[in-house]
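The values are calculated or read from the model by the stated rules, or taken from the named source; none is laboratory data. Because the structure is predicted, anything quoted here is derived from the model rather than measured. Neighbour counts are summed over all protein chains in view; Cβ atoms, including those assigned to glycine, are modelled from backbone coordinates with ideal geometry.
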Amino acid sequence: MPPDRRRDALPDIPGLRDSILPLCDGYYLEPSVKFRADARESARMVLGIHRDEARPGLRQALIGAARALGVPDTGQDEIDLLFAEAHMLLLGQEGAGASAVRKIYLEFPQAPAHLPELRYIAWKVAPGRPVVRSLYRRVPVAAVLRNRQWPMAETTAPALAAPLFEILRIAAKSCPPEELTLMTVEEAGTLRASLNFSFYESRLHLPDIADPLARAVSAMGQDPALPEFSATAAVGHLSWGLDRDGNPFLTIYADARRRERRAPGDPELS
């Protein structure tokens with residue numbers, strides 16, 4: 001069967017093929033699908049690189065990409081300052097063509113001293129809009145389970161709260177709660193108010209959460225079938241709440257796959 005080119009497409013980030021990937025032996029691709037009340041968006045991809053698998057020069061290549069995207073000097077300086085503390089960098093794209101949103105993330109195993117509980121920091125560039133700086137801060141999963149209530153509860157639609165909490169409980173049965181990552185997302189200057197639940201460590205697959213996930217997608221007014229992913233895809237994380245314009249959303253990230261940069265027959269880089 002020929003490869004699904006959408007599932008293998010690299011984000012359109014300046015310098016990715018010429019300056020960034022040549023410094024890396026491998027990378028990860030993770031597709032996602034975003035649900036709104038009136039739309040289903042599947043032209044979305046995140047590419048992840050482990051910093052310790054890259055050769056010297058990655059910091060400057062990443063800053064060059066940020067500059068080309070239009071990330072302001074303050075953001076470029078912050079990438080420079082925090083790069084050594086990050087263990088992964090992620091490059092993402094939502095949509096295609098002139099209207100696409102492009103993103104740069106740094107992920108931290110331990111929060112930088114001046115940014116308590118931080119797991120990710122990101123810069124998101126959308127045509128015709130100010131560049132957004134996003135902070136993803138950890139919330140203890142055990143406390144959420146104990147209180148039986150989502151943080152920022154007003155941002156989780158009632159029809160989503162129960163099925164998503166069921167997914168949280170299923171994940172917490174598969175691994176210790178402290179190994180799961182629940183985050184609040186802050187974006188100054190926007191109406192964004194959302195949560196992000198990362199549960200790679202649970203090693204769950206779509207069939208393991210099929211019922212509550214179908215109920216959550218249906219609550220968004222969308223068909224719960226997920227043809228965007230393979231039937232047994234490993235689940236990565238979920239994001240939900242209010243977007244930058246204050247509209248409810250739910251995003252599913254799954255089916256992350258490692259790619260070797262020089263793998264035989266690589267459709268992108270051979």
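Things worth noting here:
- Just one of the listed residues (SER134, SER174) is hydroxyl-bearing (Ser, Thr, Tyr) and within 19 Å of TYR105 (Cα to Cα), and it is SER134.
- Single residue of the range 244-270 satisfying the filter (farther than 18 Å from GLY48 by Cβ and small (Gly, Ala, Ser)) that is modelled with the highest pLDDT: GLY246
- Comparison of GLY236, GLY241 shows that the only residue that is of a type in the set (Gly, Ala, Ser), in a strand (DSSP E or B), at pLDDT below 95 and touching a strand residue (DSSP E or B) at 6+ places or on another chain (Cβ under 8 Å) is GLY236.
- Residue count for the range 95-132, restricted to those that are charged (D, E, K, R), closer than 25 Å to LEU180 by Cβ and surrounded by 15 or more Cβ atoms within 10 Å (Cβ to Cβ): 4.
- Residue list for the range 198-233, filter: touching a Phe, Trp or Tyr at 6+ places or on another chain (Cβ under 7 Å), surrounded by fewer than 20 Cβ atoms within 10 Å (Cβ to Cβ) and assigned to a loop (DSSP other than H, G, I, E, B): GLN222
Each row is one residue, and each column tells you yes or no for (1) part of a loop (DSSP other than H, G, I, E, B); (2) free of Cβ contacts under 8 Å to residues at least 40 places away in the same chain.
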site: PRO14; (1), (2): yes, no
site: ASP18; (1), (2): no, yes
site: LEU21; (1), (2): no, no
site: GLU30; (1), (2): no, no
site: VAL46; (1), (2): no, no
site: PRO56; (1), (2): yes, yes
site: ALA68; (1), (2): no, no
site: GLN76; (1), (2): no, yes
site: LEU82; (1), (2): no, yes
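- TYR200 passes every criterion in (1) under 30 Å from LEU69 (Cα atoms); (2) at pLDDT 95 or above; (3) not acidic (Asp, Glu) apart from (2).
- A single member of GLU166, GLU179 is surrounded by 14 or more Cβ atoms within 10 Å (Cβ to Cβ), charged (D, E, K, R) and modelled with pLDDT under 95, and it is GLU179.
- Any hit, the range 57-77, residues being of a type in the set (Ser, Thr, Tyr) and loosely packed, with under 15 Cβ neighbours inside 10 Å: yes
- Inter-residue pairs, beta-carbon under 7 Å, first modelled with pLDDT of 95 or more and in the range 211-232, second part of a helix (DSSP H, G or I) and polar (S, T, N, Q), 6+ apart: PRO224/SER218
- All positions within the range 73-97 that are within 12 Å of ARG44 (Cα to Cα) and touching a helix residue (DSSP H, G or I) at 6+ places or on another chain (Cβ under 7 Å): LEU91
- Residue list for the range 27-53, filter: more than 21 Å from ASP223 (Cβ to Cβ) and modelled with pLDDT under 95: ASP52, GLU53
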